[in-house]
Amino acid sequence: MVRRSQSSNPRSVVVLTSGTDWGTRAAGQRRSSGAESPIPRRQPAKIRALQQTIGVARTAINRKRWNEARYALSRARALTNALPTDVAVQEREQLSALRKKYAARNTPAAKHAKHARQAKPTPAGRAGGKKPAQKKTTAKTAVQKRKPAPVRDLGDRFINRAALGYEPTDKA
């Protein structure tokens, strides 16, 4: 890692470190949550922002973008805390359902549902219209002999077909 530091000398000094101080430097940094984003002042704007945030959280959860979903849920929580309790009851219900869905993302039940969705039977009619060829049994293929290649007219030249492994063609 290369770090530049200033000194009394006008020339810059380059200090090479091995990167062992990353842990202490990263300790001062936090993951951002949606609570830091500005909240609208008026109540209708807060409700509209809450509805948008719920939509973002829903799509993020459905697409399994967990970091985006966590951010959207924390933003929605900040917006619901800024609203009175009796306002936006329907949005609060939707938000609690999304929180449950987000919390169950790594549970065995969620994984089981994922595998059940993947194990759908394949449709009978394929788009290409081709059916896989049936495999022949190995006993039949061992008994069958190679078919001789077609004999072409080669003029006066003679080819010893027996030496090449073919059966005589005049055998009837």
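Assorted remarks:
- Taking all protein chains together and rolling a 1.4 Å probe, Ile159 ends up with roughly 80 Å² accessible.
- Rolling a 1.4 Å probe over the protein heavy atoms leaves Glu68 with an accessible area of roughly 80 Å².
- Packing-based order for 100-106, 79-85, using average beta carbon neighbours within 10 Å, highest first: 79-85, 100-106
- Computed extension gain for Arg48 through Asn62, at 0.36 nm per residue and net of the alpha carbon distance, reaches 2.9 nm.
- The modelled label-to-label distance between Lys100 and Lys145, using points 7 Å beyond Cα along the C-beta direction, is 7.6 nm.
- Averaging 1/r over each pair of different alpha-carbon atoms in region 42-99 and inverting the result gives 11.2 Å, the Kirkwood hydrodynamic radius.
The values are calculated or read from the model by the stated rules, or taken from the named source; none is laboratory data. Predicted model, so just to flag it, every value in this text is computed and none were measured. Reconstructed Cβ throughout: ideal geometry from the backbone, glycine too, with neighbour counts over all protein chains shown. Areas reflect the complete protein model, heavy atoms only, side chains present, ligands, DNA and RNA absent. Shrake-Rupley method; radii C 1.70, N 1.55, O 1.52, S 1.80 Å.
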